[in-house]
Each structure stands twice: as C-alpha cells, then as structure tokens.
Amino acid sequence: MARYASPVSAPASPATASIRRIAHLDMDAFYASVELLRYPQLQGLPVVIGGARRRPDDALLQKHAGLPLSEIPVDDFPRLKDYAGRGVITTATYAARQFGVGSAMGLMKAAKLCPQALLLPVDFDEYRRYSRRFKDVITEIAPLMEDRGVDEVYIDFTEVPGGQRDGGRSLARLIQKSIFDATGLTCSIGVAPNKLIAKMASEFNKPKGISIVMPDDLQALIWPLPCRKINGVGPKTDEKLQAQGIHTIGELAAREREGLIGHFGKSYGAWLHEAAWGRDERPVVTESEPVSLSRETTFERDLHAMRDKAELGAIFTALCERVATDLQRKGYVGKTIGIKLRYDDFRSVTRDQTLEHYTAEVKTIRLAAGLCLKRVDLSRRLRLLGVRVGSLRRVNADDAATQQTKDKNKSESEAINSGANTLPLF
Ligand code: DCP
Ligand code: MG
C-alpha cells in the first residue's frame with residue numbers, strides 16, 4: 001500500500017546503455033468490460049453503456065432484488081431499440097462495435113444500427129475503483145507510471161528488470177496477465193522509443209494486443225498511418241493537412257520543416273515535423289510520489305504476543321521484509337518507521353520512530369519497528385499487524401548502486417535474518 005504526496009515529475013533516467021522503452025497501456029472497452037464483470041451473462045453480446053447513471057432503484061435491479069446480478073436473465077436487460085432520449089454512448093463492447101456503434105454516438109442513432117444491443121447505465125464510481133486497481137498492479141511491477149485518465153497510462157520500461165527483453169514484449173505480457181489476474185480486465189499495450197509512438201502502437205492490435213515498435217520501424221509501421229493518428233493532430237489540423245495533400249504521417253515527414261512552420265506557426269509547425277519523424281523526448285511523469293509504503297496483514301485467528309510469540313515474530317519479520325522489498329523495487333528510502341496494531345476489540349494503535357538516516361534495509365526496519373512494539377500494550381490479543389515506512393525520498397543514482405550491491409550480498413541477508421531473530425519482542 002502506498003500513500004501519495006502532491007504531483008511531482010520523475011527524475012530523468014540515469015545515463016546508462018539502456019534503450020529508451022516507453023509503453024502506452026489502454027484498457028479494452030473499459031466501462032463495458034467493468035460492467036461485464038458483474039453481468040458475466042452478457043459476455044460476447046452487443047452491449048452499450050450510456051444514457052443514464054446507475055441508480056440503486058434502477059428498474060432492472062428492483063425487479064430482481066435479492067437475486068445475484070450474474071443471474072438476472074439476459075432477456076430482462078433493456079434494449080437499445082426501446083431507448084428514447086438524447087443520451088450518448090460512452091463505450092460499446094467489441095461485439096457491438098461490429099454493428100458500427102461506438103463512443104460519442106447518440107443512443108437513438110445507435111439503435112438504428114444495432115437495435116438488439118443491451119443498454120446499461122454508467123457507474124463512474126465502479127470504473128474509478130477498477131481504474132485504481134489496475135494502476136496499482138502496474139506500479140507494483142513498473143513504478144514509473146504516468147496516469148493519463150481513467151483507462152490509460154504511460155509506463156517507463158527502460159530501467160525495469162526485463163523491460164528491454166524482446167523490445168518490451170515480455171514485460172508487457174506480464175503486466176497484461178497481472179492485470180487480468182487481479183481484475184478480470186484486458187488491455188492493450190504499445191511499446192516504443194517514446195510516448196508519441198507508444199500511444200499509436202497500443203491501438204494496433206486491440207483488444208488484448210501487444211505491439212512493439214523499434215526505432216527502425218518508423219517507416220514501415222508509422223508512416224503509412226493517417227496524420228490524425230498522431231496524438232495532438234485534431235480534426236481541424238487534419239483538414240488543413242489534407243487540403244495540402246498531406247494524408248499520411250509519411251507525407252507529413254516528407255515536407256520541409258520551414259514549410260510546416262509557415263503554415264502552422266513556429267511552435268506547432270516544428271512539433272508536427274518532429275512528430276512525423278517519430279521524435280519525442282517527453283519524460284514519463286509520475287503524477288505523485290508516495291510519502292509512505294506499508295504492509296499489513298489480518299490474521300486468520302487472533303494472536304497473542306506471548307502465547308503466539310513465534311508465529312507473530314515470523315509474521316512481523318515477513319512484513320518488514322515485504323516493505324523493504326517494496327522500497328527497494330520502487331527505488332525509495334525512508335526515515336520514519338511505524339507499526340500498526342488492531343486488537344481483538346477492533347481498537348487500533350500506531351507508533352512510529354524517526355531514524356537519523358534513510359533506509360530501505362530489512363534489518364534497520366525490523367529493529368526500529370521492534371522498538372515501536374515495546375511502546376504498545378501487548379496484553380490483549382491482536383487481529384492485525386502492520387509495518388510502515390514513511391518520510392520517503394527517491395534513491396539517487398549513487399545510493400541505488402550501493403543498495404543493489406547490498407541486495408546481492410548474501411551474507412548481508414543472512415545477517416538480516418539472524419538480527420531479526422534476536423529482537424526482544426515476539
Ligand atoms: N469514454 C466516454 N466518452 C467517449 C470516449 C470514451 O465516456 N467519447 C469513456 C468510456 C470508455 C473510456 O472512456 O470505456 C475509455 O475510453 P477509450 O477511448 O479507451 O475506449 P474503450 O476503453 O471503451 O475502448 P478501447 O478498447 O477502444 O480502448
Ligand atoms: Mg480503452
């Protein structure tokens with residue numbers, strides 16, 4: 001679990017031999033796919049989301065109150081043909097898209113194309129919940145993620161272990177699978193040298209697609225596309241480009257930079273030229289930095305500090321290890337070590353201690369957390385135990401090197417274990 005501070009831009013990657021690999025991930029038919037999780041009986045059918053907001057007194061839910069949502073008969077869902085009003089489609093399942101319906105289309109117009117499509121109301125709270133969930137999965141694997149809205153993100157693969165393998169395909173596959181395992185949702189990922197191309201690539205093989213674009217693929221994969229595919233070329237610019245006989249990105253690339261500046265102004269004209277040549281240096285900007293990282297666990301049965309000393313001690317050490325691993329993987333060190341306990345009567349207490357130096361080491365975290373434990377009442381049974389490291393800062397390049405050496409040092413990790421065992425409590 002991570003707590004976040006105010007927006008801040010991530011530092012540029014340290015200078016290494018790694019090739020820049022940036023991914024763009026976009027969820028497949030996002031709102032519709034979330035709806036299908038609660039109504040799996042609609043899987044494979046044409047479904048559109050729009051019109052009204054979901055309400056608990058919705059006629060469908062009222063009629064089937066008490067029945068699990070997954071057992072509501074398909075025939076009872078509202079059909080597009082029965083809709084009257086001015087609502088628009090937010091999104092449609094891929095089965096519905098085959099009929100030519102899609103985002104932003106009026107529902108009554110869509111009803112002419114696909115009258116049998118099922119119509120579901122929108123439930124933004126639910127989409128936001130799933131949005132948070134899939135993004136949490138990503139940052140667990142690849143911490144440098146830029147949030148671009150409810151269903152899309154950029155991810156910097158460059159320094160992630162395995163991020164360069166097969167141009168990023170292995171890591172993209174891992175992320176797809178992890179998101180699916182955690183949420184039941186699918187997504188498509190494009191991996192490219194920069195954000196601009198990654199954004200185009202994520203659309204290449206939708207749904208459930210992975211597309212890899214290497215620097216040499218510009219001519220073959222990007223230049224044949226219409227200019228409108230460049231994120232930043234809107235309908236008006238496209239119209240102007242078309243008027244000059246520029247239809248594809250390749251045709252745009254063939255134009256003189258000065259000519260484009262003449263037509264589109266100094267900054268936008270120059271940007272169009274850069275974009276057509278696939279150049280984009282924008283960093284992946286993490287929207288927020290965590291101020292603390294924590295791990296906690298609720299026990300299967302309430303445990304007592306004395307009677308269940310060995311079990312609690314092992315759990316406590318494991319929590320410290322997991323927080324330390326989180327810190328190291330995400331590239332943070334912290335200064336404030338804290339614990340959280342919940343007693344069998346549901347009262348919670350926290351204690352923390354601020355160290356003189358920043359750390360991401362298990363041994364130090366375990367020692368400080370152990371001292372915090374001495375300051376709480378341990379006569380009652382416990383149902384939850386948590387360990388938190390706060391006052392975080394990013395590890396700089398030098399620290400990172402030291403940290404990695406330490407992580408690789410086996411005798412160090414053995415010392416950590418034996419150190420943990422000699423602690424006074426648990
Ligand atoms: N959305 C919306 N109105 C639009 C476009 C989109 O309300 N005009 C919402 C519904 C989508 C979500 O935003 O589910 C994400 O938009 P996308 O463009 O990524 O569309 P989808 O995820 O639905 O489909 P795709 O698989 O093409 O990404
Ligand atoms: Mg999407």
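Numbers below:
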read-out: For Lys309, Lys363, order by how many other beta-carbon atoms lie within 10 Å, fewest first; value: Lys309, Lys363
read-out: For the range 344-392 versus the range 142-220, the gap between their alpha-carbon centres in whole angstrom; value: 38
read-out: Over the range 23-129, volume per residue of the alpha carbon convex hull, in Å³; value: 109
read-out: Gain in span if fully extended, Asn205 to Arg38, counting 0.36 nm per residue against the direct Cα distance; value: 57.5 nm
read-out: Contour excess over end-to-end distance, with Cα ends at Leu371 and Glu274 and 0.36 nm allotted per residue; value: 29.2 nm
read-out: Charge dipole (the chain, unit charges on Cβ, about Cα centre) - positive-most of Gly190, Ala369, Leu225; value: Ala369
read-out: Calculated Rg and Dmax of the range 155-223 using C-alpha coordinates, Å; value: 11.9, 37
read-out: Dmax and Rg, reported as Rg then Dmax, of the range 72-170 (C-alpha, Å); value: 18.6, 53
read-out: Fully extended contour minus Cα-Cα distance, from Lys63 to Arg128, at 0.36 nm per residue; value: 20.7 nm
read-out: Dimensions (Å) - the chain, Cα atoms, principal axes, largest first; value: 77, 62, 33
read-out: Residue-averaged [θ]222 nm for the chain, counting only DSSP H segments that reach four residues, each worth -39500 (n - 2.57); value: -11000 deg cm²/dmol
read-out: In the range 125-266, lysine pairs with alpha-carbon atoms under 27 angstrom apart (chain gap of 8 or more, or interchain); value: 28
read-out: Paired Rg and Dmax values of the range 233-361, which use every Cα atom, in angstrom; value: 28.6, 82
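Rule-based calculations on the coordinates, nothing more; no lab input. Note that the coordinates shown come from a computational prediction; the quantities given were computed from them, not determined experimentally. Heads up, the Cβs are rebuilt from the backbone with ideal geometry, glycines too, and the neighbour counts pull from every protein chain shown.
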